[in-house]
Amino acid sequence: MAADYDATEFIDGDFEIHKSPYTSMATAQRAPTREEVDSKVAEAQQKLAELKRAQEELERERAALEETRRRQMEFQTGRQEIMQSLTRGVGLLQESEFTARRDAEQMAKALTDLREALTKVEAVHEESWNKDNFSIELTRALTTLENARMEWNAARLKFPVLSGEMPEQAALPAGSNSATPRVSLEGLGFGQLCRLGLALTWPVAVALLGAVGLLVALLLRR
């Protein structure tokens, strides 16, 4: 029987081994065509355009983030400043409101006392006195006048405006030049207060002593 046909028997292996590298080198060293160069240039330009668009987008994002950071810092700084101002303002106004309310209450009470004193003084009618009640009515009238004078002096001590002092002058600190000095009982000793009280009340004491003497005289006549 004849042997099978083998095609490799007619191929030189050494020739094929030496032939393949030269063929690959020739293919690798082939100059690029015009179409390939144009394609590479277009591809590079496209990549550059994409990179440029990405850069512009990053620039816009960076600018937006910087603006956001600036506004956040402005908000934090502004909030801290306005909170300090509002806290200080609330404290000052609360103190001023308390002082004003206290002064208003004292002024309302003094106004009521002055009105009552005025009513009592206006109620004294000298024409209604006669020979029998003259001394008693006179003593009563002097007592009414002295009580009204005490109310007036007390109100003048509390409210300098009653002495003709302007509110701006009343608000001046101690030691400043002012046309009308402010009168204050603070810092006075016990002896000075006693002398001041005696100076304000001695007319009442004299009037009471006179009334007592008059009553004693009337009793002795009986």
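Some observations on this one:
- Note on region 107-122: residues that are among the aliphatic types (A, V, I, L, M) and within 14 Å of N147 (Cα to Cα) total 5.
- Residue list for region 114-139, restricted to those being part of a helix (DSSP H, G or I) and either surrounded by 14 or more Cβ atoms within 10 Å (Cβ to Cβ) or touching a residue at least 60 places away in the same chain (Cβ under 8 Å) (or both): L114, A117, K120, V121, S135, I136, E137, L138, T139
- Comparison of K131, K158 shows that the only residue that is modelled with pLDDT under 90 and under 36 Å from the mean Cα position of the chain (by Cα) is K158.
- Filter result for L142 (without any contact (Cβ under 8 Å) to a residue 40 or more places away in the chain, in a helix (DSSP H, G or I) and among the aliphatic types (A, V, I, L, M)): no
- Selection status of A108, closer than 30 Å to T143 by Cα, in a helix (DSSP H, G or I) and not charged (D, E, K, R): yes
The values are calculated or read from the model by the stated rules, or taken from the named source; none is laboratory data. Computed from a prediction, not measured in an experiment: that's the story for all the values here. Heads up, the Cβs are rebuilt from the backbone with ideal geometry, glycines too, and the neighbour counts pull from every protein chain shown.
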